[in-house]
Structures are given as structure tokens and as C-alpha cells.
1. Quick one: would you say residue 331 is in contact with a Ser or Thr (Cβ under 7 Å, 6 or more places away or on another chain), β-branched (Val, Ile, Thr), within 27 Å of residue 460 (Cβ to Cβ) and part of a strand (DSSP E or B)?
2. Name every residue in the range 500-514 that is out of contact with any Pro (no Cβ under 8 Å at 6 or more places or on another chain), open to solvent by less than 10 Å² (accessible area, probe 1.4 Å) and closer than 19 Å to residue 524 by Cβ, in order of residue number.
3. For residues in the range 126-150 being within 21 Å of the chain's Cα centre (by Cα) and surrounded by 24 or more Cβ atoms within 10 Å (Cβ to Cβ), which is farthest from residue 188 (Cα to Cα)?
4. For the subset of the range 163-216 comprising residues that are of a type in the set (S, T, N, Q) and under 17 Å from residue 117 (Cβ atoms), which member is surrounded by the fewest Cβ atoms within 10 Å (Cβ to Cβ)?
5. Given the criteria assigned to a helix (DSSP H, G or I), modelled with pLDDT under 90 and in contact with a Lys or Arg (Cβ under 6 Å, 6 or more places away or on another chain), does residue 452 qualify?
6. Please determine whether any residue of the range 473-484 is open to solvent by less than 40 Å² (accessible area, probe 1.4 Å) and outside any helix (DSSP H, G or I).
7. Would you check which residues across the range 1-57 are among the hydroxyl-bearing types (Ser, Thr, Tyr) and within 23 Å of residue 84 (Cα to Cα) and list them?
8. Got a number for residues in the range 546-583 being in contact with a strand residue (DSSP E or B) (Cβ under 9 Å, 6 or more places away or on another chain) and among the small types (Gly, Ala, Ser)?
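The values are calculated or read from the model by the stated rules, or taken from the named source; none is laboratory data. All values derive from a computational prediction rather than experimental measurement. Here the Cβ positions follow ideal geometry from the backbone for every residue, glycine too, while neighbour counts run over all protein chains shown. To get the accessible areas, we keep the full protein, side chains included, count just its heavy atoms, and leave off ligands, DNA and RNA. Shrake-Rupley method; radii C 1.70, N 1.55, O 1.52, S 1.80 Å.
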Amino acid sequence: MNNIKEFLNNNTLLFDGGMGTYFPEKSHKAGGGCELANLSEPKLVEEIHKEYLDAGARAIKTNTFGVNRLAFQGDEDLVERTIKAGWEIAGKAAAEYAKASGASLDNYPFVFADIGPGPMGALADNEHAAKEYCYIADLFIKLGAKNFLFETHGNMDGLHESAQYIKDRVPDAYIINSFAISPDGFSRDGIFVTELLEEVMADENIDAFGMNCSCGARHMRELMDYVDTDRVTLSLMPNAGYPVVINNRTFYEGNPEYFGEQAAALVKNGAAIVGGCCGTSPEHIAKVKAYLDGDLGVLGEEDKRAEKKAFEADLTETRFWKKLAAGEKVIAVELDPPSSINMEKFMSGSWELKGAGVDIITIADCPIARARMDASILACKLKRELNIDVMPHMTCRDRNLNATKALLMGIYAEGIRNVLLITGDPIPSADRDEVKSVYQFNSRKLAGFVSALGKKELPSPFHLFGALNVNALNFDVQLKIAKEKEEKGMIGFLTQPVLTHEAFENLKRAKKELKGYIIGGIMPIVSERNARFMDSEINGINVDPELIEMYAGKSRSESESLAIEISSEIVGRIAPYVDGYYFMTPFGRTGLIANIIKNTLDK
């Protein structure tokens with residue numbers, strides 16, 4: 001019986017290598033995907049499959065990694081023809097290899113339906129991903145597929161549903177979920193390897209957990225330390241090495257001999273399934289086979305990772321956190337960073353706020369997507385020079401995973417433990433042709449990434465806060481998102497200003513339904529014009545019409561007195577439903593905020 005589970009009882013399953021990188025080498029055609037070659041050059045695709053089988057592979061992937069309706073602009077006929085051709089070519093190669101080599105039924109090559117994650121960002125949620133993966137799986141099932149490889153994924157979107165769909169129709173199907181994990185243990189969506197592993201292990205329909213692409217065999221060996229191979233079937237398919245670009249072509253310079261030794265070491269340390277990803281040719285797979293068979297000598301002792309010396313960081317908790325955790329009301333004030341190198345107003349205002357008894361200063365991250373001084377660098381400066389707690393805002397815009405991790409490690413070393421994670425405003429449309437936004441995360445994914453970083457790589461975790469828009473028209477959606485943020489590690493929320501009855505009622509509801517701390521937003525209105533601008537132009541802020549009318553005809557000094565009075569009233573009104581107050585400073589007027597705080601504390 002051609003059954004993978006039975007095969008794995010006594011054998012290592014050796015996969016083929018990187019069709020996507022080996023095909024251009026064979027065809028001398030640079031760029032683009034190779035999947036359409038199933039239709040245009042089927043003999044070449046078949047030849048490549050046979051080369052991997054001749055090298056020792058006992059499992060081959062259909063040449064369908066990038067085949068889906070999104071990549072093919074909705075052309076279902078082209079998708080179906082490409083998948084059908086890919087399945088038939090791989091099946092023919094396996095059958096002819098078996099016939100030529102006299103392989104027994106128990107050693108007949110396995111053919112896996114290969115399903116990639118779709119174009120980057122296109123399958124942006126679980127519902128759309130599940131729909132597309134089930135559609136592709138169904139095409140393979142109708143062709144007779146029993147083995148499925150979901151490879152190079154960055155999250156679990158759609159994978160539970162597609163596994164259930166397959167097993168409902170093919171109960172004895174074998175399903176591998178494989179993720180692209182970088183050397184530091186995170187997927188491109190910022191999910192740590194252990195979180196993905198736990199989700200896979202909890203799904204009885206998924207048979208094996210895998211890692212492929214993104215790193216070489218040596219780093220993948222280190223990632224194995226997070227996996228208990230006694231509890232899960234592990235599939236590892238590393239790259240041949242790291243890529244170099246020459247004349248607009250990408251090459252992998254990994255040595256086949258070295259790759260073979262390192263990949264075989266993955267098996268020695270517990271991997272049940274091994275193969276290659278980008279840059280791995282039949283020669284690489286042949287070397288793995290030779291090492292597994294002992295033809296190239298006995299592998300050395302199991303590699304022992306050097307004992308890590310814990311970084312003796314100062315783990316003293318911030319004063320802000322101690323006060324919040326003790327149930328005392330905290331006072332946070334937001335400042336916008338300077339738009340030039342002149343920091344005089346920002347620094348003097350910060351000193352004024354410290355003198356007023358503020359517990360923490362939060363610093364916006366390039367508000368309204370306009371370049372300003374970096375919030376995290378400013379936070380470090382304030383902490384050092386003023387000895388005050390700080391909370392830099394960190395947007396998902398304009399930083400990829402590596403840049404985010406680097407920044408977080410830097411501010412951690414500076415003693416910053418509180419961070420506000422937000423998606424961030426998009427780049428204004430007039431700038432988009434020249435300035436491109438980078439959105440590798442949303443705030444929920446970013447929270448999961450930072451939480452995992454704190455658990456796995458830092459001596460202690462960050463305290464993560466998020467934004468909560470109490471002015472949202474559909475507050476049910478806001479609460480749902482907030483609960484998802486809590487699941488990802490956020491422990492509190494700073495709300496938008498409470499300047500309407502609806503916002504107040506939503507705040508009360510948030511306090512009742514959310515587990516985290518609620519720090520209620522207060523933004524003083526400084527004039528009638530300011531009130532109308534906030535109500536009409538600033539996303540997430542609504543102002544009660546009666547409040548706007550109260551400022552009609554008022555002078556600057558009268559408006560400021562009214563702002564102090566109204567803000568103090570709001571403080572009193574929201575006090576039973578919040579764990580602290582979050583003041584947003586209008587036009588850098590820190591003196592106004594200091595007066596409101598003084599008025600509030602004196603009551």
C-alpha cells in the first residue's frame with residue numbers, strides 16, 4: 001500500500017528540491033513563475049521531476065505552487081488546465097521512474113499536490129484564503145490526489161478549513177502544513193514558530209508540521225529546538241543557502257556537499273521528512289540521499305547549541321506600570337514629535353508635563369503619515385534626560401519585520417517597556433507615486449510578533465497597548481478587534497477622545513466587555529474652529545454639536561478656560577469606567593494640559 005504514514009514508520013521521506021529556481025537554470029529563462037510551463041514546456045517539467053527522482057527523492061511536488069485565481073487574474077480555465085497538466089506530468093514522471101527502476105509498490109514515489117499562499121497580501125483574511133485553498137484542493141481531489149503540501153505560508157489563514165475540506169472527501173489524505181520561517185523564528189506575518197506549531201498540532205486533520213524557505217539548513221537546525229519531534233511529524237525543506245543577484249538573476253551559492261550534510265543532520269535530530277527549497281538542485285538532493293545512506297561517512301555527534309548567557313538587563317518595572325497594576329489612576333499625555341530638528345518646544349513641554357505629575361508621555365509615530373522625528377528615538381532621549389516613563393507609538397507602516405525587531409531590541413536596551421501599537425495612517429494619495437508605504441503587519445499581527453519576541457528573545461516582555469476608537473459608527477466591530485488584540489498580547493487600550501454621549505456609552509461598554517486596562521481619551525477643544533475641524537477632518541474623533549456651540553464667539557483666553565472646565569468634567573464623568581486618563585495635546589500647548597491635570601488632581 002502506498003501509504004505515507006506506514007512508510008514513515010521505518011523510513012525518512014526525502015522530497016525533491018526547488019522547481020522554481022531549478023527550472024530557470026534548465027530553461028535559461030530568467031524571471032517569472034514556472035507553473036505555466038506545465039502547458040508550454042511539459043517535457044522539460046517532466047525531465048526535472050525525473051532528475052530529482054533519479055537523485056534519490058521519494059516524493060515530488062506538482063509544479064503548481066503559484067497557481068491560483070488571484071495570480072491568474074481570475075482565469076479559472078487557465079488555473080484548472082495548469083493544475084491538471086501539473087498533476088499529470090508529475091504522475092507520469094513518478095510512474096516512469098518506478099517502471100524503469102523496478103521500484104516496489106511500497107517504494108513507489110509519492111506525488112504531492114503543491115499549494116502556495118497566493119500573491120503577497122491578496123489572501124488577506126481567513127475567509128478568502130479558505131475559499132481559495134478549498135477551490136484548489138478540490139481540483140486536485142477530482143484528479144485523484146491524496147497527498148497535499150501547503151508550503152511557504154506565513155499564517156494559518158484558511159489552512160484549518162482546507163484540511164477539514166480535504167479530509168471530509170479523502171479521509172486517508174496526508175496533509176503537510178509548511179511555513180516560511182526566518183532564522184529568528186518568525187514568519188513573514190510576525191508569528192513565532194511555536195504559535196504556528198501549536199495550531200497545527202491542535203488540528204487532527206493536519207498530519208505534519210513543516211518549515212521551508214527563508215533560511216538554510218544550519219539555521220533550520222536551530223529552529224528545531226522549538227519542536228518536540230516526539231509529538232509531531234516534522235518536515236524540513238531549507239534553502240540551498242542565501243541568494244545573490246547577478247545581472248538581475250538570483251543565484252544560490254550553497255555548496256551541495258555542505259547542504260547534504262546539514263540536511264541529513266536534520267533527520268538525525270528528529271525530522272521525519274526532509275527536502276529542499278530555493279536553490280536546491282538534483283545534486284543537492286543526491287548529497288542528502290548519500291549522507292542518509294551512510295555513503296559519505298557517519299554524521300558527527302548531534303550539534304549542541306552553545307549555552308546562552310542571559311543578558312543581565314535591568315528588569316525593574318516602570319513607575320507607570322506599577323501604579324497601573326496597583327489600581328491607581330494613571331495620567332498619560334500624548335505629544336507629537338517635532339517636524340524639524342528644533343527640539344526646544346518639545347523638550348520644554350515635556351519638562352512642564354513632568355512637573356505637572358504626568359505618569360507617562362506617549363509620542364506619536366509620524367502622525368497623519370508625515371515625516372517627523374522618530375518617536376522611539378525621542379522616547380529614549382526623554383527617558384534618559386527627564387527620567388520619566390515613555391510610551392512610543394509604533395505603527396505598522398514603513399517597517400518590515402526585521403526593522404521592527406531591530407527597533408524593539410534597541411528601545412528595550414534603553415529601558416523602555418511600554419509600547420502603543422497601531423496600524424498607522426496611510427500615505428496621502430498625492431504622495432503614493434513617490435512614497436510607498438510598507439504594511440507587513442496590522443496591529444493585531446504586530447502585537448503577536450512583539451509578544452512572541454518578549455517571551456522568546458528578551459529577558460522580559462513589553463507591556464503592549466492598543467488604540468480603541470470609541471467614536472466608531474459600528475462599535476461592535478471595534479470591540480471584536482480589541483478582543484483579538486487581547487488574544488495577541490495587548491494588555492490595555494488608549495481610547496479616542498470622549499466628546500459625545502455615544503462615545504461615553506461605548507467607553508462604558510468597553511470597560512465591561514474587555515479584560516485589559518482602559519485609559520480614557522481626553523482632547524481639549526481650544527476654539528470653535530478647532531472643534532469643527534476635529535469633528536469634520538480628523539478620523540476617529542466626533543464632537544458633540546452642543547460643545548461646538550459653547551465656543552462660539554469666545555476669545556483665546558475664554559476658550560482655554562472653557563477647555564479646562566469641560567475637560568475636567570469629562571475626567572469626572574469617565575472616572576468610574578477607566579484606569580487612567582489619556583490627554584492629547586492640541587498644538588503643543590502643554591501648559592493647557594498641565595492646568596487641566598492640576599485642576600483634576602486638586603479636586
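1. Working: in contact with a Ser or Thr (Cβ under 7 Å, 6 or more places away or on another chain): no; β-branched (Val, Ile, Thr): yes; within 27 Å of residue 460 (Cβ to Cβ): yes; part of a strand (DSSP E or B): yes.
No: the conditions fail for residue 331.
2. 507
3. Checking each candidate, the answer is 133.
4. Taking the range 163-216 first, the residues of a type in the set (S, T, N, Q) are 164, 177-178, 182, 187, 194, 205, 212, 214.
This time we only want the ones that are under 17 Å from residue 117 (Cβ atoms), so: 177-178, 182, 187, 212, 214.
Numbers: 177: 26, 178: 24, 182: 17, 187: 24, 212: 26, 214: 22.
The residue in question is 182.
5. Numbers: assigned to a helix (DSSP H, G or I): yes; modelled with pLDDT under 90: yes; in contact with a Lys or Arg (Cβ under 6 Å, 6 or more places away or on another chain): no.
No; evaluated as a whole, the condition is false for this residue.
6. The initial filter retains those residues of the range 473-484 that are open to solvent by less than 40 Å² (accessible area, probe 1.4 Å), namely 475, 479, 482.
Now restrict to residues that are outside any helix (DSSP H, G or I): none.
No; the residues of the range 473-484 include none that is open to solvent by less than 40 Å² (accessible area, probe 1.4 Å) and outside any helix (DSSP H, G or I).
7. Here is the first cut: in the range 1-57, the residues among the hydroxyl-bearing types (Ser, Thr, Tyr) are 12, 21-22, 27, 40, 52.
Those that are among the hydroxyl-bearing types (Ser, Thr, Tyr) and within 23 Å of residue 84 (Cα to Cα): 21, 22, 27, 40, 52.
8. If we filter the range 546-583 for residues that are in contact with a strand residue (DSSP E or B) (Cβ under 9 Å, 6 or more places away or on another chain), which is where we start, we get 567, 570-571, 574-575, 577-583.
Filter once more, keeping what is among the small types (Gly, Ala, Ser): 567, 575, 580.
Of the residues in that region, 3 qualify.
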